[in-house]
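Below is one structure, written out as structure tokens, with a few remarks after it.
Here, each number is a calculation from the coordinates, and none is a lab measurement. Since the model is a prediction, treat every value here as computed from it, not as a measurement. For neighbour counting, all protein chains shown are included, and Cβ atoms are generated from backbone atoms with ideal geometry for every residue, glycine included.
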Amino acid sequence: MVRKHQLDGLDLDFEWIDQNDTAAWNNYGELARAIRAASPDMFFTISLHTYYYKFPAACMRYVDYFTFQNYGPQIDVNGYSSMVSACRTYRSWGYPDSKIMLSAPFQGTPGAGQGADIRAYRDIVSACAGVREDPSLDSASFNYGGGKVKTLHFNGVDTVRKKARYISEQKVAGFMYWDLGMDVADSSGKNNYFDECCLLRAANRYVSSTAYPDTPAPFALSSAGETVPAGGGAVAVEVQSEEKALGWVVADCPDWISASAVSGIGRTTVILTAAENKSADGRFGTVIFRSSDKQECSVIITQDGAELTGYDKWVQDSFPPDAAADRTAADAVPAGDGIPNLMKYATGQDPLKPCGSVTKVTLEEGEDGCMHLVLRWPVNPQATDVKHEVEASTDLVDWISLGEVETAGKTAAEFWDAEPVRESGMERRFLRLKVTRE
């Protein structure tokens, strides 16, 4: 039938088998073996009960999961403690954690032998006073009408959440519930996941559900990623928690990002502010939020790099993108001509092509009628982050500054040496251009 109708798999419900009827249990084991042999790739599960679980250990490998019914008409099997005790029993019998699925009822029972009076959890929430207001309640008086009133026992929000947390912490295979159609509903009768009394929502606090794949996580952020400009900026991120009293802290945050709140309770909007990024390289940082029950969620803040100016922009425009830092440094000489990058930047030369001296010295007559040394050189008008200074020396070892030359808005500059050149009795005199970054 599974193959004929192209079904995903098969689930068998084995209940009420005498625990001591070894022959019956062995027959069920052989049935599982035969089913797996007939459909080796089929998804195959078996549902057992708190009281009836002695499936042959040797045949467990033929089954993908065992969904244990930790509930029933009997009141004592519904609770959290009963489920925990049952899990220990399953393990001791030989069930591997990877195949154990524990469960919770989405219904209320008055006790064994009263199956007709079992009611859906949604009906209990609607009819029983206090259940909606108190998530810790696991029992309530239910009025059937006609003077008939019974106490129904169920799993409330807190118990389902507690069961789900145990399942998560024990790392067993998963969580099963009976059944979705009995969970809380809206006015039209449809399941209402966003009702605070929803049991599926309570379970999702710790385990994942496939019933509502698009439902936000119980503890999450309104955004997984934000971008801010290089100059800095702020973004608002809402900490989203289904539990109003759930505490949280900012567990990790880069030093260039500040948070308006580093801890809080329940839903809170946190302003994350990024400092100015002075580097040309963009950067990103992850801000991690951690809830009081150790859940984590995070947001990645991406910040643009600063727009390059001056020498850095010249390097970007003049060198290949993969140029090594030792070739682009201000004092580097990648062309091998003895002229460092900073000098070529200031005078508008190509750093990758050899050139002769960027300055020219001439002897010219000044207004005083004497001859003077004149130093001339080209200027890069876009190099506004450097200063041009002329120095003099008599021995090419010790240099003294003769002053800075104003080059703003110019494409060429010149400097007239105030010291006149005499025909005799004068020391040697040398001029040079010195360029420094401001």
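Once the other residues with Cβ under 13 Å from the Cβ of Ser85 are scored (Lys, Arg +1; Asp, Glu -1), what is the net sum? Here the count lands on +2.
Residue-wise HN-Hα couplings along region 341-350, as the Karplus relation 6.51 cos²θ - 1.76 cosθ + 1.60 with θ = phi - 60° gives them from phi, are 4, 4, 5, 5, 5, 5, 10, x, 9, 7 Hz; Gly and Pro carry x. Taking amide H positions as modeled 1.01 Å from N, with prolines and chain starts lacking one, the residues under 5 Å from Gly232 and 5 or more places away or on another chain are Asn277. Considering only C-alpha atoms, what is the centroid distance from region 78-132 to region 214-292, in Å? With region 78-132 and region 214-292 each reduced to a Cα centre, they are spaced 39 Å. Place a point 7 Å from the Cα of Ser85 along the Cα-to-Cβ direction; which residues of region 141-162 have their backbone N under 19 Å from it? Only 153-156, 159-160, 162 fall inside the zone, counting backbone N under 19 Å.
Panel order for Trp314, Trp178, Trp93, by other beta carbons found within 10 Å of each beta carbon, from fewest to most: Trp93, Trp178, Trp314. Between Asp8 and Ser260, the contour length at 0.36 nm per residue exceeds the alpha carbon distance by 85.7 nm. Put simply, the amide H of Val131, placed in the peptide plane, has no neighbours under 5 Å, leaving out anything fewer than 5 places away on its chain. Here r is the Cβ-Cβ distance between Glu307 and Lys244 and R0 is 41 Å; the resulting FRET efficiency, rounded to 0.05, is 0.35.
Considering only Ser241, Ser318, Ser82, the Gaussian network model of the chain with Cα springs below 10 Å gives its largest mean-square fluctuation to Ser318. Each other residue within a Cβ distance under 13 Å of Ala392 adds +1 if Lys or Arg and -1 if Asp or Glu, for a net charge of -3. Across the alpha-carbon atoms of the chain, the computed radius of gyration and Dmax are 40.4, 134 angstrom. Across region 224-241, coupling constants 3J(HN,Hα) worked out from phi with the 6.51/-1.76/1.60 Karplus curve, θ = phi - 60°, read 9, x, 9, 10, 10, x, 4, x, x, x, 10, 10, 9, 10, 8, 7, 10, 9 Hz, and Gly and Pro carry x. Under the classification rounded if a/c is under 1.5, otherwise prolate if a/b is larger than b/c and oblate if not, where does region 41-147 fall, given a ≥ b ≥ c as square roots of the Cα gyration tensor eigenvalues? It is prolate, given that a/c is not under 1.5 and a/b is the larger ratio. Per-residue ellipticity at 222 nm, computed for the chain from helices alone with -39500 (n - 2.57) per DSSP H run of at least four residues, works out to -5000 deg cm²/dmol. When the square roots of the Cα gyration tensor eigenvalues are ordered a ≥ b ≥ c, the ratio a/c for region 360-422 is 1.5 or more and a/b does not exceed b/c, which makes its shape oblate. Applying both filters, DSSP loop and at most 15 other Cβ atoms within 10 Å, to the GluC sites (Glu not before Pro) of region 340-419 gives Glu367, Glu406. Phi angles across region 156-173 convert, under the Karplus curve 6.51 cos²θ - 1.76 cosθ + 1.60 with θ = phi - 60°, into 3J(HN,Hα) values of x, 4, 5, 5, 5, 5, 5, 4, 5, 5, 4, 4, 5, 5, 7, 6, 7, 5 Hz, Gly and Pro given as x.
Fully extending the segment from Ser98 to Asp331 would add 77.5 nm, taking 0.36 nm per residue of separation and subtracting the current Cα-Cα distance.
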